[in-house]
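**Student:** Handing you a structure now.
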Amino acid sequence: MAFMNQPVSHSPALRSLTGLSRSELADALAQVGVPDRQRRMRASQIWRWAYNRGSTSFDAMTDISAELRSSLAAAFILERPEIVTEQVSSDGTRKWLLRLAPDAAGRRHEIETVYIPEEDRGTLCISTQVGCTLTCTFCHTGTQRLVRNLTAGEIVGQILLARDRLKDWPGDLQANPNPPLSGRFITNVVLMGMGEPLYNFDSVRTAMLIAADGEGISLSKRRITLSTSGVAPEIPRAGAEIGTMLAISLHATTDEVRNKLVPLNKKYPIAELLAACRAYPGLSNARRITFEYVMLKAINDTVDDARRLVQLLKGIPAKVNLIPFNPWPGTVYECSDWETIERFADVLNRAGYASPVRTPRGRDIMAACGQLKSASQKLRRAERDAALEAQSPA
Ligand code: SAH
Ligand code: SF4
């Protein structure tokens, strides 16, 4: 099922306040003449409306004077990404293709965001970059050449937009009186969409601090998971400055195999990556690192691999997520057989690691892990090929 919405006109003259930190927001208010001593208080009011109620209009902010509301509306907007399409999978997973506001060169990039409802939680999987500079060979996003970092507003904007569409704001309770999970649709956020979050550190930090702020979106940091392909030097800092849960895309137990699957391993090999994990602050049995391991037939799925994995993880409070490989057009990899995955999981379970096999979700709409790649990129490539063909001599 697809949903198309009307194009929103972007007004380049108006600055978006979405994604500013509290202090940036207070500073921005100087632009409309809010006196210095009032700025923190006004910023708090706007913050609550924007992130606790989901307001996109200053008019709704009834505890702010009409005069200031109209000055705010004349200078600022509270921007969301624009929905290009919304697809709903047969299993209830939703995928949005979102178009971002024009960048400095006037280009409007696209990203994908996925919502995965489960019995006891609702997880939103968000993107941190357009495409990805890394080139993991099993990942569809890694084949997308066009890359830029998302702004903090574009990262947190995905959560705001998903809450709009799911009717997940406190004010929606009348329209939607029975949100399934402790009063909310989105209970968890994972940074597992397009991009490498630790290569966009500052914007990811600002956006996640907004998501976790108790006067706003109010998601506990324990319910936010940052997934990295292994940017070892940034891992301890991510713990100290962002403080969410951590997931590591390990996928192999020898450097030889990991070099092929995750080329970043040549820069930060397994031993260095795991040393950085050991330095992640606040680890305990109640706060473990998740190691993601994609099951690739005849590549990384033997019982010996499973045993080596147990050895590698010794001393790290860890759990393992086994991810059946999700195929995409043109890939050379295949998913391991089910018995092979079970044998692998058995070794881990016997060594005391909870190792759930992640059921692929939303495969029919290409929303599963590693299948994301914006349609615009495919289109552009097709257009480029057509243009090249037209140029080449017959
Ligand atoms: N760049 C970050 C986060 C985004 S990728 C990272 O690599 O961790 C999110 C997860 O999906 C990662 O564990 C990634 O390895 C996995 N993944 C990528 N392609 C996949 C595929 N085709 N099938 C299954 N999992 C995949
Ligand atoms: Fe980038 Fe993660 Fe895909 Fe690797 S797996 S190419 S780091 S998005």
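**Student:** For residues that are open to solvent by less than 50 Å² (accessible area, probe 1.4 Å) and farther than 19 Å from Pro236 by Cβ, tally how many sit in the stretch 280-311.
**Tutor:** 12
**Student:** Being modelled with pLDDT of 95 or more, open to solvent by less than 20 Å² (accessible area, probe 1.4 Å), within 22 Å of Met208 (Cα to Cα) and not β-branched (Val, Ile, Thr), is that true of even one residue in the stretch 56-73?
**Tutor:** Among the residues of the stretch 56-73, not one is modelled with pLDDT of 95 or more, open to solvent by less than 20 Å² (accessible area, probe 1.4 Å), within 22 Å of Met208 (Cα to Cα) and not β-branched (Val, Ile, Thr), which makes the answer no.
**Student:** I would also like to ask the following. Within the stretch 98-111, count every residue that is in contact (Cβ under 8 Å) with a residue 12 or more places away in the chain, more than 16 Å from ligand 2 (Cβ to nearest atom) and either assigned to a loop (DSSP other than H, G, I, E, B) or within 19 Å of Arg358 (Cα to Cα) (or both).
**Tutor:** Final tally of qualifying residues: 4.
Every residue, every condition in (1) under 21 Å from Thr359 (Cα atoms); (2) over 18 Å from the mean Cα position of the chain (by Cα); (3) at pLDDT 95 or above; (4) hydroxyl-bearing (Ser, Thr, Tyr), yes or no:
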{"position": "Pro117", "(1), (2), (3), (4)": "yes, no, no, no"}
{"position": "Arg121", "(1), (2), (3), (4)": "yes, no, no, no"}
{"position": "Pro170", "(1), (2), (3), (4)": "no, yes, no, no"}
{"position": "Glu196", "(1), (2), (3), (4)": "no, no, yes, no"}
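**Student:** So, Leu322, is that one under 20 Å from Glu110 (Cβ atoms) and either modelled with pLDDT of 95 or more or open to solvent by less than 60 Å² (accessible area, probe 1.4 Å) (or both) or not?
**Tutor:** no
**Student:** (1) out of contact with any helix residue (DSSP H, G or I) (no Cβ under 7 Å at 6 or more places or on another chain); (2) away from ligand 1 (no atom under 13 Å from the Cβ): which one isn't true of Tyr280, the others all being true?
**Tutor:** Status for Tyr280: all satisfied but (1).
**Student:** Let me ask you something else. Under the condition of being touching a Gly at 6+ places or on another chain (Cβ under 8 Å) and among the hydrophobic types (A, V, I, L, M, F, W, C), which residue from the stretch 251-269 is farthest from Ala298 (Cα to Cα)?
**Tutor:** Leu264
**Student:** Restrict the check to the stretch 124-146 and report whether at least one residue is among the β-branched types (Val, Ile, Thr) and more than 16 Å from ligand 2 (Cβ to nearest atom).
**Tutor:** no
**Student:** Taking Ala13, is it within 16 Å of Ala75 (Cα to Cα) and either at pLDDT 95 or above or not in a loop (DSSP other than H, G, I, E, B) (or both)?
**Tutor:** In short, no.
**Student:** Can I ask one more? Do you know which residues across the stretch 27-55 are farther than 16 Å from Asp213 by Cα and surrounded by 15 or more Cβ atoms within 10 Å (Cβ to Cβ)?
**Tutor:** Ala28, Leu29, Val32, Val34, Arg39, Arg42, Ser55
**Student:** Here's another thing I want to ask about it. In the stretch 116-133, what residues are open to solvent by 10 Å² or more (accessible area, probe 1.4 Å), away from ligand 1 (no atom under 12 Å from the Cβ) and not aliphatic (A, V, I, L, M)?
**Tutor:** Once the filter is applied, which keeps residues that are open to solvent by 10 Å² or more (accessible area, probe 1.4 Å), away from ligand 1 (no atom under 12 Å from the Cβ) and not aliphatic (A, V, I, L, M), the stretch 116-133 yields Pro117, Glu118, Glu119, Asp120, Arg121, Thr123.
**Student:** Condition first: in contact with a Cys (Cβ under 6 Å, 6 or more places away or on another chain) and outside any helix (DSSP H, G or I). Can you find one or more residues in the stretch 112-133 that meet it?
**Tutor:** Checked against the condition, which is being in contact with a Cys (Cβ under 6 Å, 6 or more places away or on another chain) and outside any helix (DSSP H, G or I), the stretch 112-133 yields at least one hit.
**Student:** Let me ask something else. Please determine whether any residue of the stretch 240-247 is over 20 Å from Ile83 (Cβ atoms) and touching a residue at least 60 places away in the same chain (Cβ under 8 Å).
**Tutor:** yes
**Student:** Identify all residues within the stretch 340-394 that are of a type in the set (Asp, Glu), more than 21 Å from Phe291 (Cα to Cα) and either buried (at least 16 other Cβ atoms within 10 Å of the Cβ) or at pLDDT 75 or above (or both); write none if there are none.
**Tutor:** Across the stretch 340-394, there are no qualifying residues.
**Student:** Have a look at Leu309, Leu322 and point out the one that is within 16 Å of ligand 1 (Cβ to nearest atom) and assigned to a helix (DSSP H, G or I).
**Tutor:** Being within 16 Å of ligand 1 (Cβ to nearest atom) and assigned to a helix (DSSP H, G or I) holds for just one of Leu309, Leu322, which is Leu309.
**Student:** May I ask you to list pairs of residues, at least six apart or on different chains, whose Cβ atoms are under 6 Å apart, with the first in the stretch 182-193 being within 11 Å of Lys167 (Cα to Cα) and the second being assigned to a strand (DSSP E or B)?
**Tutor:** Phe185/Gly122; Ile186/Gly122; Ile186/Leu124
**Student:** Here's something else I'd like to know. If you go through the stretch 134-153 one residue at a time, how many are in contact (Cβ under 8 Å) with a residue 40 or more places away in the chain, open to solvent by 10 Å² or more (accessible area, probe 1.4 Å), in a helix (DSSP H, G or I) and within 16 Å of ligand 1 (Cβ to nearest atom)?
**Tutor:** The total comes to 1.
The values are calculated or read from the model by the stated rules, or taken from the named source; none is laboratory data. Note that the structure is predicted; figures quoted are calculated from it, not measured. We place every Cβ from the backbone using ideal geometry, glycine too, and count neighbours over all the protein chains shown. The accessibility values were calculated without ligands, DNA or RNA, using every heavy atom of the protein model including side chains. Shrake-Rupley method; radii C 1.70, N 1.55, O 1.52, S 1.80 Å.
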